[in-house]
1. Under the Kirkwood approximation for Rh and a Cα-based Rg, what ratio Rg/Rh is obtained for segment 3-150?
2. Give me the dipole magnitude in Debye, nearest 20, for segment 3-150 about the Cα centre, with unit charges on the beta carbon: positive for Lys and Arg, negative for Asp and Glu.
3. Using alpha-carbon pairs under 8 Å, 6+ residues apart, how would you state the relative contact order of the chain in percent?
4. Which one, Pro30, Val92, Ile72, is farthest towards the positive end of the dipole of segment 3-150 when Lys and Arg carry +1 and Asp and Glu -1 on their Cβ?
5. Hey, what did segment 172-285 get for relative contact order, percent, Cα under 8 Å, at least 6 apart?
6. Which one, Gly47, Ser170, Leu243, is farthest towards the positive end of the dipole of the chain when Lys and Arg carry +1 and Asp and Glu -1 on their Cβ?
7. Taking amide H positions as placed 1.01 Å from N in the peptide plane, with prolines and chain starts having none, which residues 5 or more places from Arg283, or on another chain, fall under 5 Å of its amide H?
8. Restricting attention to segment 207-274, which GluC sites (Glu not before Pro) occupy a DSSP loop and are surrounded by at most 12 other Cβ atoms within 10 Å?
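Derivation of every value follows stated rules applied to the coordinates shown; laboratory data play no part. Since the model is a prediction, treat every value here as computed from it, not as a measurement. Here the Cβ is made from the backbone with ideal geometry for all residues, glycine too, and neighbour counts use every protein chain on show.
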Amino acid sequence: MRSVEVLDPGPNALIQDLGRPGHAHLGVPPSGALDQPALRLANRLVGNPEGAAGVEALLGGLRLLARVSCTIAVTGPAVSVRIDGREVGSHVALHLRPAQTLALGTPASGLRCYVAISGGVDTPVELGSRSRDVLSGIGPPPLAAGDLLALGAATGVPTGADTLAPRPPSTDLAVPVLLGPREDWFIDPATGLAGSWTITSASNRVGLRLDGSPLRRVPERTDTELPSEGIRTGAIQVPPSGLPVVFLADHPTTGGYPVVAVVHPDALPSLAQARPGTILRFRASF
């Protein structure tokens, strides 16, 4: 069996592909890599289909031991990558011989590094995906030291033709959003969202919790309850505290608090790499 061994998972490493969309009616969120462009690039670099499963490593720290000859690539934020202690760099295709080790450092900025291996991680498919969903517990469990990751057959040709130097994630993000569907519940929602919001340490793959000046409801909605409605990735839900939550890929599929706006899909990868303490300003469209 083609495989690599996990020597150290780092702070938190999960198997992720491009997710399992289309199951909201079953109460199952889309899940998948939060920074999908980074996973797609890593897979192209090693010759995999873009949707192959890889490893999403939170704050780096991952160490792998090759059991077979394989090609590997690390993307996301710039990070130290070493093979047998020798610095080799990220965002390039790397060859590992059997018994060689690959180790990720901790990125200076950003949160999530993506590791693709030729053949892809071949864990069992659940509802069409190999992704770990931290909300429902679907998919393979978080990686642990001693795990063997089975690999599929390596059939593609590694390429570096579209490799770009990683840009450092910003600590002050302007995030485009579309107002609605419940913007009428709030006093001047566009102006309120345009203020400074700080990502808190209570954030995770389910959503980003924000701190700032609370959004205020219009008087006629102050004590109103809302029946549960469908939720999509990027929805900005506002609980009674007035402090928004931006839902990410492992979000619940329904919610009972009003959604004031939805983040544009192109901005989601930046939010995936935003650390606690990052400042957000929402730029609203009508």
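1. Ratio value, two decimals: 0.95.
2. Using only the charged Cβ atoms, the result is roughly 220 debye.
3. That works out to 22 percent.
4. Val92
5. So the answer I get is 43 percent.
6. Gly47
7. Residues meeting the criterion, in which the H sits 1.01 Å from N, are Val175, Val177.
8. Here the sparse-neighbourhood loop sites are Glu225.
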